[in-house]
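A short worksheet on the structure shown next.
The values are calculated or read from the model by the stated rules, or taken from the named source; none is laboratory data. From a predicted model like this one, the values you see are computed outputs, not experimental measurements. Heads up, the Cβs are rebuilt from the backbone with ideal geometry, glycines too, and the neighbour counts pull from every protein chain shown. Calculation scope for accessible area: heavy atoms of the full protein, side chains included, ligands and nucleic acids excluded. Shrake-Rupley method; radii C 1.70, N 1.55, O 1.52, S 1.80 Å.
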Amino acid sequence: MNIKVGVYSSGRSISDLRLRVSIHSSESSLMEKYKLIAKIKKGVFQGLCLLSSQTVTLKQLGFPDNEGVPGSLIKEITLLQAMRHANIIKLIDVVNHQEQSSIVLVYESMETNLTSFIRIYPKVMKIPRTIKELLRQILLAVSYYHSFDIVHGGIKPANTFIDPATNTLKITDFVWPRTLFNSNTEDPNEELGFCYKAPEILVEHKQFSTAIDVWSVGCIFAEMVTQKPLFSATSEFHQLAKIFSIVGTPSEETWPGFSRIYRYLHIYSHCKPKDLRKLVPGLEPAGIDLLHKLLYMDPKGRITARQALEHVYFQN
Amino acid sequence: SIKVDSSNDEEILDIDSKHKDPQMCSLYAVELYNNLRVTELKWRSSSDYMQTVQQDITQEMRGILVDWLVEVCEEYRLASETLYLTVTLIDRCLSKMYIEKQRLQLLGITCMLIASKYEEICAPRVEDFCFITDGTYTRREVLDMEYQVLEILSFNLSVPTVKKFLRRFILAAQSSYKVSFVEFEYL
């Protein structure tokens, strides 16, 4: 097909551009720039950048040809490019294969996620200082993107990566929450993400805000201490009951207006809040206090990531 | 430089103090708007592209295109954010690539397709955008253009549009009012 449109600034025509596959550094093709080392899972590869000798993770995402690049992918790429933070995964390159209807995203290497990290290094995770340092890094990332009006919507140990050499933590998989619930593209084998979802998005009239990420951070905090999920239900349906059984069933006093966003509240039996000190043993009192504030039911009263970083737990 | 009389500080109203609701995002408002201003400068389209880049199209043609896109937006019940983003994308593309007048409308609908994918919960389909041009462009042409636009913009779509700032200016302008104007809610 003859394309008449040209790129004015450089004098190159678009048809030239199409032969080149990369967006950022258009000089060479994908395979000339990266060498695949291992397959991590379907569509995800570990590779080596031949220019920088840096290990990278390549994620190939295919899509049906008839609708173009899916919105969720456009959003993720846009967001990751807008953000630059030590604790957020860096998107190094985007390679758009128009002919194959696929996009390859090249990220900095991410090998060990928090779930595996806990399993591989249980002793390291027993050190209170490690937990404090990892939590601090999660909160730094979260407060950073919240200041861009971005809500992650799905933070969980499986998309929180740690470099075991430096204990640097990086958050990945940004998908806007409103796409999160419409998409059927989620891998069913993925870890059960609903264990980390805030109560206000498990109800009928979902309330999206930055507070949903703070809840997830609270869940991860508890999990780092006990090495198992705090609210582990068997299905999304049971998740709310599980949350109520630990944090207490909301009432007009503890969460004003909750009955308006969830009309089935009456079917849940009334539970009193359990003692977090018993459920999360070994956590220092300041940590328990912070956990209480992160897992505050009413999103309006929940601590923000920024405030959490100033909590006494992090001082010393 | 502008000097601010510090003795007036107490009279300055904190417009974020009323909203403690995280859904209003007021907790990060000051930082958020600082970030938006930085991003705005970074991705702003050039103001003289009609003279420096374009040869075949004119200011009037752009005007006609935008007016028509307003109608498309109404027809498909798209959010106003989508419209504002569409126009921003068009201007950014036109700052960087020469386009012939026969393809200006194709650029317009393609930018609207991308903006809808970015902003809408249920974006219209490619065929809806082909249909609205009375079949002037084929699906293949739209998808090829989408590829080009994403390539030219390097997937940087997260640009602040007028609407984001307008919301805050209205909040500031009405801070002394007890009831806010409903009209502004529909901008």
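At a glance:
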| quantity | calculated |
| --- | --- |
| Förster radius 30 Å - calculated FRET efficiency between A:Glu284 and B:Val30 (Cβ-Cβ, nearest 0.05) | 0.35 |
| Contact surface A-B: accessible area buried, both sides summed, square angstrom, 1.4 angstrom probe | 4200 |
| Interatomic Cα distance distribution for segment A:232-281, bins of 10 angstrom, percent | 24, 52, 22, 2 |
| Accessible area of segment A:112-314 divided out per residue, in Å², using a probe of 1.4 angstrom | 45 |
| Segment B:27-53 and segment A:107-159: distance between their alpha carbon centers, rounded to Å | 32 |
| Hz values of 3J(HN,Hα) by residue in segment A:194-202 - Karplus curve (6.51, -1.76, 1.60), Gly and Pro given as x | 5, 4, 10, 7, 5, x, 6, 10, 9 |
| Where trypsin sites (Lys or Arg not before Pro) fall in DSSP loop in segment A:210-316, at most 12 other Cβ within 10 Å | A:Arg263, A:Lys274 |
| Computed FRET value (nearest 0.05) for B:Val66 with A:Lys39, which takes r as the C-beta separation and R₀ as 45 Å | 0.40 |
| Anisotropy class of segment B:117-157 from Cα gyration tensor, a/c 1.5 cut | oblate |
| Gain on full stretching of the segment that runs from A:His238 to A:Ile120 - 0.36 nm per residue minus C-alpha separation | 39.5 nm |
| Segment B:61-156 shape via C-alpha gyration tensor axes, a/c threshold 1.5 | rounded |
| Chain A, dipole about Cα centre (Lys/Arg Cβ +1, Asp/Glu Cβ -1), debye to the nearest 20 | 480 |
| Efficiency of FRET between B:Val38 and B:Glu74 - r from beta-carbon atoms, R0 41 angstrom, step 0.05 | 0.80 |
| Trypsin sites (Lys or Arg not before Pro) restricted to segment A:57-87 and DSSP loop, no more than 11 other C-beta within 10 Å | A:Arg84 |
| Long pairs among A:Lys90/A:Lys242; A:Lys242/A:Lys293; A:Lys228/A:Lys300, criterion Cα-Cα beyond 25 Å | A:Lys90/A:Lys242; A:Lys228/A:Lys300 |
| Heavy-atom accessible surface of chain A: percent carbon and sulfur, 1.4 Å | 54 |
| Folded to 0 to 90 degrees: helix A:236-247 orientation relative to chain A principal axis, Cα | 40 |
